Amino acid sequence: MNTSDLINRVPASATISMAQKARDYKAKGLDVISLTLGEPDFDTPEFIKTAAKKALDDGFTKYTPISGLVSFREAIVNKFKRDNNLDFTADQIVVSTGAKQTLANIVLCTTNKDDEVLLPAPYWVSYEGIAIMAGAKVVKVKTEIDNDFKISPEELSANLTEKTRLMIFSSPCNPTGSLYSKEELYALAEVIKEYPNLLVISDEIYEHINFTGEKHFSIGSIQSVKDQIVTVNGMAKGFAMTGWRIGYMGAPLWLAKACNKLQGQFTSGANAAAQKASEIALNAPLDESYKMRDSFLKRRGLFLELLGKIDGLKLNVPEGAFYVFPDVSAFFGKSFNEYKITCPTDIVNYLLDTVYVATVGGESFGDDNCVRLSYAASEEQLIDAAGRIKEALDKLV
């Protein structure tokens, strides 16, 4: 029996694959430090867990509406207005089983075979996989570390065509931690509005992990392009709720209806108790989220200081999320024993095999020069990991 053409053309998730490889090494008794997954290492705040328990006691154990509980969607409407200056009604909100499903819903509902999906690179691995699944043509626009991995208006304009149906980007960004300023988003909007058939997915799931001291700015709040923007968010990163699997979007009504229809044939409504707990989280002050953000900021400073002592690594300072994305191309052409370095994945395999530090190669993020390191780990682990990385890279000649 053969698998389908669809599943054969979809790449496996590199982040998940490397995380599993790290687990396999640990299962063999090896002392592995995994810097692979984009998952906060904090527990979900207690008040959110308490809300979930109460939801179960109150009988929230049944099917929910496909697009989400009305009370939760109203909480999302209020959150969007309060935090992002976005105006939606409850019927423009669709709640899904994680933001990844939200993204898949949008791409599958808006693209046809050979439509172009523009991805500023580096990008989150699943953007490409989902676009390929839909049969779309992926157009990668490489950005540079010297520009903090941000696409310029000129680069955007040069790569848009009449076939471009979607642009997908995240801010703060996975994998780079880059954050677009209000001024930069206004400049991009000037280009976007010239292509009225272009839809832009703004993935803002790292919204609350922002180190700039400035309020997060959503491109969908720019009036000239608001009808072209779909804002995606979720509970995973800012609330340490990765396993709860709750994502959501605010979209033009036609798209919300289409995603509701599609989701009805896949998963229907998301987990009932998780929705009620998420509703409580969105309505509460962000004190717990800011505590986590401040811890990540401290770790960023520590990790960058340690990585900065490694000759050959090229670094920038990420303004959000919990990743660094160093350029490792200075090591290409070098070797140690049987290990020959020609690409980021060679670096990844070398680090895992020799010093038991698990990372992810940049190729799957659309970048052939970098690796992604997550600092969602304890300070002790980060100090140990940086030392091991330096030990290994210093041996390459």
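Values as computed for the structure displayed
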| item | result |
| --- | --- |
| Count of residues meeting criterion [of a type in the set (Phe, Trp, Tyr) and surrounded by fewer than 17 Cβ atoms within 10 Å (Cβ to Cβ)] in the range 233-268 | 2 |
| Only one of 79, 49, 54 that is part of a helix (DSSP H, G or I), surrounded by 18 or more Cβ atoms within 10 Å (Cβ to Cβ) and among the charged types (D, E, K, R) | 79 |
| Pairs where the first residue, in the range 18-33, is not assigned by TED's automatic domain parsing to the domain that holds residue 346 and the second is surrounded by 17 or more Cβ atoms within 10 Å (Cβ to Cβ), C-beta under 7 Å, 6+ apart | none |
| Check on residue 192, under 20 Å from the mean Cα position of the chain (by Cα) and free of Cβ contacts under 8 Å to residues at least 40 places away in the same chain | no |
| Yes/no for residue 64 being in contact (Cβ under 8 Å) with a residue 24 or more places away in the chain, in contact with a strand residue (DSSP E or B) (Cβ under 7 Å, 6 or more places away or on another chain), under 30 Å from residue 231 (Cβ atoms) and of a type in the set (Ser, Thr, Tyr) | no |
| Enumeration of residues in the range 362-390 that are charged (D, E, K, R), more than 16 Å from residue 326 (Cβ to Cβ) and in contact (Cβ under 8 Å) with a residue 12 or more places away in the chain | 379, 384 |
| Check on residue 359, of a type in the set (Val, Ile, Thr) and free of Cβ contacts under 8 Å to residues at least 12 places away in the same chain | no |
| Tally of residues being assigned to a helix (DSSP H, G or I), more than 26 Å from the chain's Cα centre (by Cα) and acidic (Asp, Glu) across the range 16-46 | 0 |
| Any chance residue 201 is in contact with a helix residue (DSSP H, G or I) (Cβ under 9 Å, 6 or more places away or on another chain), closer than 22 Å to residue 95 by Cα and either among the aliphatic types (A, V, I, L, M) or part of a helix (DSSP H, G or I) (or both) | yes |
| Residue that is surrounded by the fewest Cβ atoms within 10 Å (Cβ to Cβ), among those in the range 278-315 that are touching a Leu at 6+ places or on another chain (Cβ under 9 Å) and part of a loop (DSSP other than H, G, I, E, B) | 311 |
| Per-region count, the range 377-391, residues crowded, with 21+ Cβ neighbours inside 10 Å, within 15 Å of residue 348 (Cα to Cα) and touching a Phe, Trp or Tyr at 6+ places or on another chain (Cβ under 8 Å) | 1 |
| Options 230, 200: the member that is crowded, with 22+ Cβ neighbours inside 10 Å and in the same structural domain as residue 77 (by TED's automatic domain parsing) | 230 |
| The range 361-385, subset of a type in the set (A, V, I, L, M, F, W, C) and over 19 Å from residue 312 (Cβ atoms), residue nearest to the chain's Cα centre (by Cα) | 365 |
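Yes or no, residue by residue, for (1) in a loop (DSSP other than H, G, I, E, B); (2) in contact with a Ser or Thr (Cβ under 6 Å, 6 or more places away or on another chain):
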{"site": "161", "(1), (2)": "yes, no"}
{"site": "176", "(1), (2)": "yes, no"}
{"site": "180", "(1), (2)": "yes, yes"}
{"site": "183", "(1), (2)": "no, no"}
{"site": "224", "(1), (2)": "yes, no"}
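This table checks each residue for (1) surrounded by fewer than 23 Cβ atoms within 10 Å (Cβ to Cβ); (2) more than 16 Å from the chain's Cα centre (by Cα).
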{"position": "102", "(1), (2)": "no, no"}
{"position": "106", "(1), (2)": "no, no"}
{"position": "150", "(1), (2)": "yes, no"}
{"position": "161", "(1), (2)": "yes, yes"}
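The values are calculated or read from the model by the stated rules, or taken from the named source; none is laboratory data. Since we're looking at a predicted model, the values are computed, not measured. Note that we place each Cβ from the backbone using ideal geometry, even for glycine, and neighbour counts take in every protein chain shown.
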